[in-house]
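To start, the structure itself, in C-alpha cells.
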Amino acid sequence: MTRAQHDYDDIPGTFVFDAERSRQGYGINMFCMSLMKDANRKAFKANEAEYLKKFPLTAEQSAAILKRDYNRMLELGGNIYFTAKLGATDGHSFQHLAALMTGSTQDDYAKMMLAGGRSVEGNRSKTKKPSPGKAKSKPKGRSKKGSKRRG
Amino acid sequence: MPAIGAAIDNGKTEQPYWQRVFAGFEKSKAWMAKAKPDLVIGVYNDHASAFSVEFIPTFALGCAAEFPPADEGWGPRPVPVVKGHPEMASHIAQSVILDEFDLTIVNKMEVDHGLTVPMNLMFGSPKEWPCPVIPLAVNVVMYPPPTGHRCFMLGRAIRKAVESYPEDLRVVIMGTGGMSHQISGPRAGLINSKFDKAFLDNLTKNPKKLARMPHVEYMREAGAEGIEMVMWHVMRGALDDKVNEVYRFYTVPASNTAVGHIILENRRRAAGKGKSARKPARKASRRARR
C-alpha cells in the first residue's frame, strides 16, 4: 500500500513514526520489546532468523533486522525507542546507533554534538532551498487545511 | 541509555562534560527545596517501558499508590519508588473527564527515566522522594501526539481540579521532554538553539499563541523527537496567563540533545484572597534523553 502524503514527509532524513507506520511495524516493535527479557535476548542471539519467526514480520522487515539496517527498520515501521533495544542487545550504546543511522563514525558524531549538533540550516526541507536570510521556512500554503490551523 | 540518568547512576556528575549540565540544576534544586511542594504532577513520556505498541494511551493518569522504577533493559534505575497521591489523582480524573478530557486511568504502572531523571534533577538523589508525585504519561512516541493546544487546555482542566480539591495543597507541575532533539534516522543530532530559546521566551510571555504551533514545525525545526515539547504546554496551561520567570538554563549538548529548563511561578501568591490553589508551577524540562 502506498503511504498517504503528509506535511512532514518533506523533512529530510526523517521517518516519522505515525499511525500508518505503527500499524505496519507492529511486528518489529513487538520483537524489539521482547528483548527486554534476558531469556529472549539469549534465544534471539542463538538463532536470529528462527527467533524472528515468532513475530508477524514481512521478508523485508526480517532482512532489515538481520542486517541491522536501522534506517530501513524505521522506514518499515520500527520506532527508535524500540529498535534501540535491539542495539542494546548487541551491546551498543545509543550514540553508536545514532552515528550508524547518520552514516558517520561514533567519534565524528560525538564531535559534531560537542560542537553544537547538526545545524538545522539546510536540513529543514527536501524540496525548499535553504533560505539564508530567513530563520524559518514555513510550509505555508502547502495545503489549505494546514495553513488554517495556525492560530 | 538515557545519558543523564546513566551519569547520575554511575557517579559521573562531577566529570567536566556532565558538570556543565548538572550545574545548571543547582539553583533549581534550591528552588524546589524552598518551594516544599505537597505534591508534584509530573507530565512526561514513557519510552517503550510501561507501554509498548499493544496500547497507546494519549493521556494516561497514574492513580496508583506507588510506581516502581521500570527495568529499561539494564535493570531498574536505582531510585526510590515514586509514591503517588491516589486521592488527588482520582479527583483529577473525575474532574477532567467531565471537562471532556477522556484520559486513561492507570492503576498499575512502572515509570521510566522520562519521569525519574527530571525528578533527580529537581530533588537530587534522596533515599525517598520528598513528596508524592502524580505521573501523567503523554503519548509523544507515535505520531500524532495531542496538539499543543489540547495539552494546554488539559493543563487548565487539571488546575481547576486541583483548586476544587477539598484540601489546599501546594502543587508543582513539571512538564518534560525535548528540547531540540532528533535521535532517529539520517538527520539525528539536529540541534536548533534559536528555536529552543524562542520556545522558552514564548512559553513565559506568549503561551496561548505558542500552544497553537503545528506539529510539523516542532519536527522540522527541533527534530523528530523535539515534538515532545508539546508536553510543556500542559504545565503552562496549569499556570496563570501572566507568570514570573524565576530561572532558566540552557545548554548543548547532553549526549545527543539540547537541555533546557525553566521555572515559572504564578504572580499572585499569598495575596490571601480566596483559595487559589497555590501553584508555583514550574517546569522542568530537560533533557535529554539519550
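The values are calculated or read from the model by the stated rules, or taken from the named source; none is laboratory data. Given the structure is predicted, the values throughout are model-derived calculations rather than measurements. Ideal geometry is used to build each Cβ from the backbone, glycine not excepted, and the neighbour counts take in all protein chains shown.
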Notebook entry, point to check: Any residue at all in the stretch B:40-57 that is at pLDDT 95 or above, farther than 29 Å from B:Thr251 by Cα and in contact with a strand residue (DSSP E or B) (Cβ under 6 Å, 6 or more places away or on another chain)?
Noted result: yes
Check: Restricting to the stretch A:51-108, what's the tally of residues that are among the β-branched types (Val, Ile, Thr), closer than 21 Å to B:Gly73 by Cβ and surrounded by fewer than 20 Cβ atoms within 10 Å (Cβ to Cβ)?
Finding: 1
Checklist line | Selection count where residues are facing chain B (nearest Cβ under 10 Å), more than 15 Å from B:Ile56 (Cβ to Cβ) and of a type in the set (Gly, Ala, Ser), scope the stretch A:2-39 | finding: 3
Note to self: So if I check each of A:Leu57, A:Leu74, which one is under 22 Å from A:Ala98 (Cβ atoms), at pLDDT 95 or above, under 19 Å from the mean Cα position of the chain (by Cα) and hydrophobic (A, V, I, L, M, F, W, C)?
What the structure shows: A:Leu74
Next item on the list: Give just the number: which of (1) modelled with pLDDT of 65 or more; (2) more than 24 Å from B:Ala211 (Cβ to Cβ); (3) in a loop (DSSP other than H, G, I, E, B) does A:Gly133 not satisfy?
Entry: (1)
Next item on the list: Kindly indicate whether B:Pro145 is under 26 Å from B:Lys108 (Cα atoms) and in a loop (DSSP other than H, G, I, E, B).
Entry: yes
Check: Pairs under 9 Å by beta carbon, first residue touching a residue at least 24 places away in the same chain (Cβ under 8 Å) in the stretch B:122-137, partner of a type in the set (S, T, N, Q) and crowded, with 20+ Cβ neighbours inside 10 Å, six or more apart or different chains?
Finding: B:Met122/B:Ser28; B:Ala137/B:Asn45
Next item on the list: Report whether or not B:Ala198 is within 12 Å of chain A (Cβ to nearest Cβ), among the aliphatic types (A, V, I, L, M) and free of Cβ contacts under 8 Å to residues at least 12 places away in the same chain.
Entry: yes
Next item on the list: Output yes when any residue across the stretch A:40-48 is surrounded by 11 or more Cβ atoms within 10 Å (Cβ to Cβ) and within 10 Å of chain B (Cβ to nearest Cβ), and no when none is.
Entry: yes
Checklist line | A:Phe94 hydrophobic (A, V, I, L, M, F, W, C) and either touching a residue at least 24 places away in the same chain (Cβ under 8 Å) or touching a strand residue (DSSP E or B) at 6+ places or on another chain (Cβ under 8 Å) (or both) | finding: no
Next item on the list: Please tell me if B:Lys27 is free of Cβ contacts under 8 Å to residues at least 60 places away in the same chain and among the basic types (Lys, Arg).
Entry: no
Checklist line | Matching helices (runs of 4 or more DSSP H) fully within the stretch A:1-84 where at least 2 residues are in contact with a Pro (Cβ under 9 Å, 6 or more places away or on another chain) | finding: A:26-34
Note to self: Can you say whether B:Gly148 is at pLDDT below 95 and either of a type outside the set (Phe, Trp, Tyr) or out of contact with any Ser or Thr (no Cβ under 7 Å at 6 or more places or on another chain) (or both), as far as the supplied structure shows?
What the structure shows: no
Next item on the list: Look at the stretch B:214-253 and say how many of its residues are surrounded by fewer than 24 Cβ atoms within 10 Å (Cβ to Cβ) and at the interface with chain A (Cβ under 8 Å from one of its Cβ atoms).
Entry: 6
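Listed here are the residues, each with its yes/no results for (1) crowded, with 24+ Cβ neighbours inside 10 Å; (2) in contact with a Phe, Trp or Tyr (Cβ under 8 Å, 6 or more places away or on another chain).
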position: B:Lys83; (1), (2): no, yes
position: B:Glu100; (1), (2): no, no
position: B:Leu103; (1), (2): no, yes
position: B:Glu110; (1), (2): no, yes
position: B:Pro118; (1), (2): yes, yes
position: B:Pro166; (1), (2): no, no
position: B:His181; (1), (2): yes, no
position: B:Lys194; (1), (2): no, no
Checklist line | Selection from the stretch A:10-39 of residues that are modelled with pLDDT of 95 or more, of a type in the set (D, E, K, R) and surrounded by fewer than 15 Cβ atoms within 10 Å (Cβ to Cβ) | finding: A:Arg23
Margin query: With the condition being more than 13 Å from every other protein chain (Cβ to nearest Cβ), touching a His at 6+ places or on another chain (Cβ under 6 Å) and over 27 Å from A:Gly91 (Cα atoms), I'd like the helices (runs of 4 or more DSSP H) fully within the stretch B:1-92 carrying at least 3 qualifying residues.
Written below: none
Next item on the list: Among what's in the stretch A:89-125 and is over 18 Å from B:Glu225 (Cβ atoms) and assigned to a helix (DSSP H, G or I), pick the residue that is farthest from the other protein chains (Cβ to nearest Cβ).
Entry: A:Asp107
Item checked: Spans of strands (runs of 3 or more DSSP E) in the stretch B:200-290 with at least 1 residues at pLDDT 95 or above -> B:243-254, B:257-266
Margin query: Here is a check on your reading of the model: is B:Asn256 farther than 17 Å from A:Gly117 by Cβ, more than 18 Å from the chain's Cα centre (by Cα) and of a type in the set (S, T, N, Q)?
Written below: no
